[in-house]
There are 2 protein chains.
Amino acid sequence: MTETKGAKSEQTRALIVETALRLFRERGYDATTMRAIAKEAGVSVGNAYYYFGSKEELIQAYFDDLQEEHVKACQAVLDAERAFAPRLLGVLKARVDTMVPYHEFAGKFFKFAAEPTSPLNPFSAESGPSRASALAIYREVVDGSNLKIDSEFRQELPELLWLYSMGIVLYWVHDSSPGCRKTYLLVERTVPLVDRMVSMSRLPGFKSVTRELVSIIREVRD
Amino acid sequence: MTETKGAKSEQTRALIVETALRLFRERGYDATTMRAIAKEAGVSVGNAYYYFGSKEELIQAYFDDLQEEHVKACQAVLDAERAFAPRLLGVLKARVDTMVPYHEFAGKFFKFAAEPTSPLNPFSAESGPSRASALAIYREVVDGSNLKIDSEFRQELPELLWLYSMGIVLYWVHDSSPGCRKTYLLVERTVPLVDRMVSMSRLPGFKSVTRELVSIIREVRD
């Protein structure tokens, strides 16, 4: 019984998010009220507010759903591959795959994530769980691979890879090529380069640069 | 006569921008009308519209002014230094110096620049002149230095440095340390690293990575 109820609740929640996204896209964010979202989704206003306290929370839900989708989309490649480069490539391609259907939408909403005081920005406290989930993926890319690198650098590498993935998202937001072809190209072309640079981090002469990088990250991180 | 008139016109324009920035900060962007800006600046509404067709153009003017200020603030260090690292350090510190007074303000307005369809985003056609001016600074950092690097890499380096500076701006937007101390720290700590990596680009083993990077930049650039 409880499971059925939980499933129904999850279904209602998903329906509200989906409806909200569609209305935001069609009518604009400011012009869309919670009342309109509830009406269009066929639920009461009180019910809509039971799930989401505000329109902003609906966008947070979209970001969270996207993150969950990405985790699922990565699993196959993370289970199958041991080498660092194909693991990273698979994870980044999966990231773009999950985002592509929302390209027009994400362009409109990206600005919410860009405001430093907004709970929607990826560095905010509210985005903490989503950020932790994203970081965990890049930690698994590193830890599940056969990569041999300095242990200190290894600790910081997942966060660097996450920042790299954010750079790709930023490029994708501005990418107007058909099917986001150029973003895929960017991923395919930069992963081998990142792989080479990460491997080179062990070479003498590069080692001190790597250590310096690790120490900078630790110093400037919030 | 014309010069005096030009100076007065420039003064009025500056007064309108300054007043607008203050009102946006105090009352919020949406709540501030062109009428209110004109009234507060002591000019007619028609006069305000003569200078700026919309509120968005006022933000563009702010970004443009910031860029001009940066150009001026860089000149001393670019005239005095020949080595790459101090040139880059001076330019980036000057960039932060010019932005710091607007820290609270920029946080609020950053989201305008983040929207891909907005003329205010740094990759837009409208931001072309401002972007060209910014790129010219980083070209001068490289070309006026005694740096010895591969000629193909040299051509692309200014754009890479500009992207690096945008990364610093992004960090700055989120920096809540007193006086943006952490942003200065980030600049001071990363410039030597960038300098080392740029110099290393000539070493065998690193050369092919550099060439690969150049070819990627050319492929994925719009």
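The values are calculated or read from the model by the stated rules, or taken from the named source; none is laboratory data. From a predicted model like this one, the values you see are computed outputs, not experimental measurements. We place every Cβ from the backbone using ideal geometry, glycine too, and count neighbours over all the protein chains shown. Protein only, heavy atoms only, side chains kept; ligands, DNA and RNA dropped before computing areas. Shrake-Rupley method; radii C 1.70, N 1.55, O 1.52, S 1.80 Å.
Each Cα pair under 8 Å and six or more residues apart adds its separation to the average, and for the stretch A:1-53 the resulting relative contact order is 29 percent.
A simple spin-label model places the labels of A:Ser215 and B:Asn47 5.8 nm from each other, with each point 7 Å out along Cα-to-Cβ.
Counting only protein heavy atoms and rolling a 1.4 Å probe, how much accessible area do A and B lose on contact, total for both sides, in Å² to 100? Buried area (both sides, nearest 100 Å²): 3200 Å².
Plainly put, the tip 7 Å out from Cα toward Cβ on B:Glu188 is 4.5 nm from that tip on each other copy, the closest given first.
With Cα atoms defining each centre, the stretch A:53-83 and the stretch A:99-143 are spaced 10 Å apart in the structure. Report the residues of the stretch B:151-192 in range of a label on B:Ala76: point 7 Å along Cα→C-beta, backbone N strictly under 20 Å from it. Those under the cut-off are B:180-181, B:184-185, B:187-188. Across the stretch A:83-199, the relative contact order, built from alpha-carbon pairs under 8 Å that are at least six residues apart, equals 35 percent. Taking Cα atoms only, the orientation of helix B:151-173 departs from the longest principal axis of chain B by about 50 degrees.
If you count, for every residue in B:198-211, the Cβ atoms of partner chains within 10 Å of its Cβ, what is the mean?
Whole-number average of other-chain Cβ neighbours for B:198-211 is 2.
Note on B:185-193: average number of Cβ atoms from other chains within 10 Å of each residue's Cβ is 3.
Go ahead and estimate [θ] at 222 nm for chain B from helices alone: -39,500 (n - 2.57) per DSSP H run with n ≥ 4, summed, over the residue count, rounded to 500. Could the numbers behind the result be given before it?
Numbers: 10 runs with 168 residues, N = 222.
That calculation yields -25500 deg cm²/dmol at 222 nm.
Could you work out how far helix A:181-200 tilts from the main Cα principal axis of chain A, as a 0 to 90 degree angle to the nearest 10? Between helix and principal axis, roughly 40 degrees. Sorted from shortest to longest, the distances between the A:Arg13 label points of this copy and the other copies are 5.4 nm, with each point 7 Å from Cα along the line through the beta carbon.
If contacts are Cα pairs under 8 angstrom and at least 6 residues apart, what is the relative contact order of chain B in percent? Kindly include the intermediate steps, with their values, before the conclusion.
On the way: 176 pairs, mean separation 37.0, N = 222.
Here the relative contact order equals 17 percent.
Along the stretch B:74-88 the Karplus relation, 6.51 cos²θ - 1.76 cosθ + 1.60 evaluated at θ = phi - 60°, assigns HN-Hα couplings of 8, 4, 4, 5, 6, 6, 8, 9, 10, 6, 4, 4, x, 4, 5 Hz to successive residues, with x for each Gly and Pro. Placing a label point 7 Å from the Cα of B:Ala132 along the Cα-to-Cβ direction, the distances to the matching points in the other copies come to 5.0 nm, shortest first. Between helix B:103-114 and chain B there is an angle of about 80 degrees, using the helix long axis and the longest principal axis of the Cα atoms. In terms of Cα to Cα distance under 12 Å, which aspartates and glutamates are near enough to B:Lys148, apart from those fewer than 8 places away along the same chain? The reachable aspartates and glutamates, counting only those whose Cα sits under 12 Å from B:Lys148, are B:Asp195. Distance between the modelled labels on B:Ala83 and A:Lys8, one decimal in nanometres: 7.3 nm (7 Å Cα→Cβ projection).
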